[in-house]
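Below is one structure, written out as structure tokens; comments come after it.
Every read-out reported here was derived from the displayed coordinates using simple, explicitly stated rules and does not represent laboratory data. Bear in mind the structure is a predicted one, so any value in this text is a computation, not a measurement. Every residue, glycine among them, receives a Cβ derived from its backbone with ideal geometry; neighbour counts consider all protein chains shown.
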Amino acid sequence: MKIAFVGNYEYHCGSSNALLGYIKAGKKLNYDIRPSEFGYIDSTIRSSIPTADKSWQPDLLVIVYESYSFLSEEQIEKICSKVPRSKRIIIDPDGKYSSHVSYNNDTNHSTSDSYEFWTDLYNSLSDIILQPFFGDMKNKNAQSFLFFGMDNNLPEFGGRPKDFDLLYVGNNWYRWHAIERFIKMLTPIRSRLKK
């Protein structure tokens with residue numbers, strides 16, 4: 001199976017690292033997974049893995065939209081003419097397909113018309129909208145899909161298994177201060193936690 005991922009792939013970004021994990025898993029399953037030149041692929045990624053040029057015909061096309069709508073109308077038209085709607089999937093890690101949610105300065109919609117824009121865009125491209133989300137989906141047209149992941153071959157620290165682990169998967173632009181506060185709150189009880 002040939003799968004193309006369209007996104008904004010810069011080596012130090014979360015989705016890029018998720019993509020590299022998918023490529024690694026795909027090799028084990030004999031899938032050919034590549035980032036597509038319909039999106040942006042930085043030089044580090046281009047030099048590390050094969051990319052899909054715009055003539056490459058995938059069996060499935062996955063569009064990962066983060067932060068902004070990076071595809072031009074012309075690119076969208078080419079994608080739609082090349083890959084049937086039934087073979088296109090949208091992954092929405094920023095929750096743009098959900099109604100407005102905000103906490104402090106972190107929000108999924110920064111303008112009043114953002115929700116309508118993203119909903120129209122996603123609906124024009126695919127019937128399958130996936131969001132990394134635990135719990136009940138508020139938007140019944142979206143499906144829960146844990147897009148980000150970790151390699152299960154992580155070494156144990158000091159050769160000993162731990163009773164508790166803290167693993168944060170997501171962007172650090174808005175949430176690092178909350179994680180930092182949480183870690184600092186653990187300081188008074190660190191001596192009571194197993195090491």
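Report, by chain and number, residues whose modeled amide H sits under 5 Å from the one on Gln143, excluding near sequence neighbours (fewer than 5 apart, same chain).
For Gln143, the qualifying residues are Ile129, Leu130, Gln131.
Who wins for biggest fluctuation among Thr111, Thr51, Thr119 in a Gaussian network model of the chain, springs between alpha carbons below 10 Å?
Checking each option, the largest mean-square fluctuation is seen for Thr111.
Based solely on its DSSP helices, what 222 nm [θ] is calculated for the chain when runs of n ≥ 4 H residues each add -39,500 (n - 2.57) and the sum is averaged over all residues, nearest 500 deg cm²/dmol?
Working: 5 runs with 54 residues, N = 195.
Per the formula, -8500 deg cm²/dmol.
Might you report the magnitude of the Cβ-based charge dipole of the chain about its Cα centre, with Lys and Arg at +1 and Asp and Glu at -1, to the nearest 20 debye? Write out the running numbers ahead of the final one.
Values: 24 positive and 23 negative charges, 207 e Å.
Its charge dipole is roughly 1000 debye.
Going by C-beta contacts inside 10 Å, put Trp176, Trp56, Trp118 in order with the fewest on the left. Don't jump to the answer; show the numbers that get you there.
Working: Trp176 12, Trp56 16, Trp118 22.
Lowest to highest Cβ neighbour count: Trp176, Trp56, Trp118.
Give me, ordered by chain and number, the residues 5 or more places off Phe5 or on other chains with an amide H under 5 Å from its own placed amide H.
Close amide H contacts, sequence-distant or interchain: Arg34, Ser36, Val62.
Please order Ile33, Ile79 by the number of other Cβ within 10 Å, starting at the fewest. Don't skip to the answer; put the middle values down first.
Working: Ile33 24, Ile79 19.
Starting with the residue having the fewest Cβ neighbours, the order is Ile79, Ile33.
Is the chain rounded, prolate or oblate when judged by the Cα gyration tensor, a ≥ b ≥ c being the square roots of its eigenvalues, rounded requiring a/c under 1.5 and prolate requiring a/b larger than b/c? It would help to have the intermediate numbers written out before the result.
Working: a/c = 2.22, a/b = 1.40, b/c = 1.59.
Note, shape of the chain comes out oblate.
Mind checking which of Asn123, Asn105, Asn139 has the largest fluctuation in a GNM of the chain, springs on alpha carbons under 10 Å?
Highest fluctuation of the listed residues: Asn105.
If you filter region 1-99 for trypsin sites (Lys or Arg not before Pro), then keep DSSP loop positions with at most 10 other Cβ within 10 Å, what is left?
Values: sites: Lys2, Lys24, Lys27, Lys28, Arg46, Lys54, Lys78, Lys82, Arg85, Lys87, Arg88, Lys96; in loops: Lys54, Lys96.
The qualifying sites: there are none.
Where does each of Ile179, Ile45, Ile76 land when they are ranked from fewest to most other beta-carbon atoms within 10 angstrom? Write down the numbers at each step before the final one.
Working: Ile179 13, Ile45 19, Ile76 16.
The order, fewest Cβ neighbours first, is Ile179, Ile76, Ile45.
Distance check, please: which entries in Lys54/Lys140; Lys140/Lys184; Lys28/Lys140; Lys87/Lys138 exceed 31 angstrom between their Cα atoms? Spell out each step's value before the answer.
Values: Lys54/Lys140 33 Å; Lys140/Lys184 38 Å; Lys28/Lys140 33 Å; Lys87/Lys138 25 Å.
Pairs exceeding 31 Å: Lys54/Lys140; Lys140/Lys184; Lys28/Lys140.
Relative contact order (percent) for the chain, with alpha-carbon contacts under 8 angstrom and 6 or more residues of separation? Before the final figure, lay out the partial values.
Numbers: 257 pairs, mean separation 33.6, N = 195.
RCO, the chain: 17 percent.
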